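As C-alpha cells, the structure follows; a few thoughts come after it.
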Amino acid sequence: MAGRWIEHWEPEDETFWKEKGEPIARRNLWFSVLSEHIGFSIWTLWSVMVLFMGPEYGVDPAGKFFLISTATLVGALARIPYTFAVARFGGRNWTVFSAFTLLVPTVAAFVVMEPGTSYTTFMAVAALTGIGGGNFASSMTNINAFFPLRKKGWALGLNAGGGNVGVPVVQLIGLLVIGTAGATHPRIVLGAYIPLIVVAGLCAARYMDNLTPVQNDTGAAKDAARDPHTWIMSVLYIGTFGSFIGYSFAFGLVLQTQFGRTPLQAASLTFVGPLLGSLIRPVGGRLADRYGGARITLANYAAMAVATGIVVYASGIESLTVFLIGFTALFVLTGLGNGSTFKMIPGIFHAKAIAQGLRGEEAAAQGRRLSGAAMGLIGAVGALGGLAINLAFRQSFQTSGVGTAAFWSFLAFYGVCFALTWAVYLRRTTAVPAKPQLSYAEV
C-alpha cells in the first residue's frame, strides 16, 4: 500500500500549523478515532459474549473471567509491535491493514458462538480479539506525530476517548440484542460489526495520510525503554487505563456473580460506566493542558481511592445501589486519569530534550521521537493492568464468592500511584541544582 505520503511536517511552526497542518491533522484524527473505536469494540467483545453464555455452554464464572483475561493479555502484548508499525509502514497504511484484520476474530466468533463448542476453541477465538487492543497503540502513536505539544492533551484525549467509547457501544448493542431477540442470539452482535469494520478500513484508505518524517527508528525504542520515566508512567497508566479496561471487561460478570443479576439486567447496567469514562477522557486531557498533567493525575488518584472505598463498603453491606454509585465514579475517574497521564508522556520527553540543550523544532522532534516509542510500551503495560484486575476478580470470586478482596488490592495500588506521582513529578527540592531541573508539574 503505497498510499499518500506527506513529505514535510512541522506542527510546532505556528504558520505551518494554521495554514496547512491543522485541517490535515484533524481529518486524520477523526478517521483514526473511527478505526480505534471499532478496535476497542472487538477487543472487549467477550465482555458481551459471556453474557450470552448460559448454563448450556458449560462454562462457570471462573472460566468466563479467564476468557476475558485471555483477550486482555493478547491485546496488551499486541500494542508493542503495533506502536512501531506506524513508522515502518505509515500511519494511514497500518490503520487500513489493522482495521481489516478485525474481520478475522469477528468472523471466527460468529462461527463458534454456540453451545457445544469446546472451551479451548472459545479461548483461541477470545485470544484473536486481542488484536483490537493493538489498534490503540498504533493510533495514539500516529496522532501524537500530527499535533503540536500544546494541542496533544486534547488530541490524544479525544483520540483515546473516541476509541474507548467502543467499549460501551458494543455493550449497548449486546443489551439491545438480549432485550429484543433474547440471550440465545449472540451472532446478531457479531454480524452487526462485520460491515462496520469494512467501512472503517475503507474510510482510513480514503481520508488518512502517512507522514514521511516519522521514520522507523529502533534507537528510539531502546532509548525509551532505558528511560526510567517510561516505566514510572507505565505504573501510573496501569492505575488509569488498566483499571478502565479491566473494569469494562469484568463489570457485567461481577453484577451477575456477586449480585445475581440476569444477563439482561447486567447488560442494562454495564455500559453506563465505560460510556462516562470514555466521554470524559478528552476533558482529562484538556485539564492537563491547562493545569498540568501531574497535578490532575495526583488529584484523580486521591478521588479513585475514595471511590474504591465506597465500592468496598457497598460490597460489605450488599447494596447494589451504593455499589453502582461507587463503581460508576471509578469509571469516570479512570477516564479522567487516562487523559491526564497520556498528556504527561510527550511533555516529559519534550522537557528532557530542552534540559539537554535542544530548542525549538529540534527539541519538539526529539520529544515526539521518544514519546511515540514510549507510548507503545506504556500502553502495553497499562493494558496488562486490565489483565491483573480480571485475574484478581477471578481469584476473589473463587475464594470467597465476592469481589471485596480484589477491591482492597486495587485501593492499595491507587495509594502507591498517588505517592509515586507526588514523589517524582510534584515534590519540590530545596537543593540548588548544578544544571536546570525539569519542571514536571507542568507536563
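The values are calculated or read from the model by the stated rules, or taken from the named source; none is laboratory data. Predicted, not measured: the structure shown is a model, and the values here were computed from it. So basically every Cβ, Gly included, is an ideal-geometry build from the backbone, and we count neighbours across all protein chains shown. Heavy atoms of the whole protein, side chains included, go into the accessibility calculation; ligands, DNA and RNA do not. Shrake-Rupley method; radii C 1.70, N 1.55, O 1.52, S 1.80 Å.
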Hey, TYR237 modelled with pLDDT of 95 or more and of a type in the set (Phe, Trp, Tyr) or not:
no
Check VAL33, VAL50, VAL111 and return the single one that is more than 30 Å from ALA406 (Cα to Cα) and open to solvent by less than 50 Å² (accessible area, probe 1.4 Å).
VAL33
Please enumerate the residues belonging to region 298-335 that are of a type in the set (A, V, I, L, M, F, W, C) and under 12 Å from PRO274 (Cα atoms).
PHE327, ALA329, LEU330, PHE331, VAL332, LEU333
State whether the residues of region 40-63 include one that is in contact with a helix residue (DSSP H, G or I) (Cβ under 9 Å, 6 or more places away or on another chain) and charged (D, E, K, R).
no
When region 204-223 is checked residue by residue, the ones that are part of a helix (DSSP H, G or I), surrounded by 18 or more Cβ atoms within 10 Å (Cβ to Cβ) and either out of contact with any Phe, Trp or Tyr (no Cβ under 8 Å at 6 or more places or on another chain) or at pLDDT 90 or above (or both) are ALA204, ALA205, ALA220
Could you identify the single residue in ARG4, ARG88 that is on the phi < 0 side of the Ramachandran plot, touching a strand residue (DSSP E or B) at 6+ places or on another chain (Cβ under 7 Å), open to solvent by 70 Å² or more (accessible area, probe 1.4 Å) and not aromatic (Phe, Trp, Tyr)?
ARG4
Given the options GLU19, GLU10, name the one that is open to solvent by 20 Å² or more (accessible area, probe 1.4 Å), part of a helix (DSSP H, G or I) and more than 18 Å from GLY162 (Cα to Cα).
GLU19
Which one is nearest to the chain's Cα centre (by Cα) among residues in region 144-176 that are crowded, with 24+ Cβ neighbours inside 10 Å and among the β-branched types (Val, Ile, Thr)?
VAL167
Matching entry among ALA71, ALA124, ALA78, ALA99 (being more than 21 Å from the chain's Cα centre (by Cα), of a type in the set (A, V, I, L, M, F, W, C), part of a helix (DSSP H, G or I) and under 25 Å from GLY191 (Cα atoms))
ALA124
If you take the residues in region 53-75 that are of a type in the set (Val, Ile, Thr) and farther than 16 Å from PHE393 by Cα, which one is most open to solvent (accessible area, probe 1.4 Å)?
VAL74
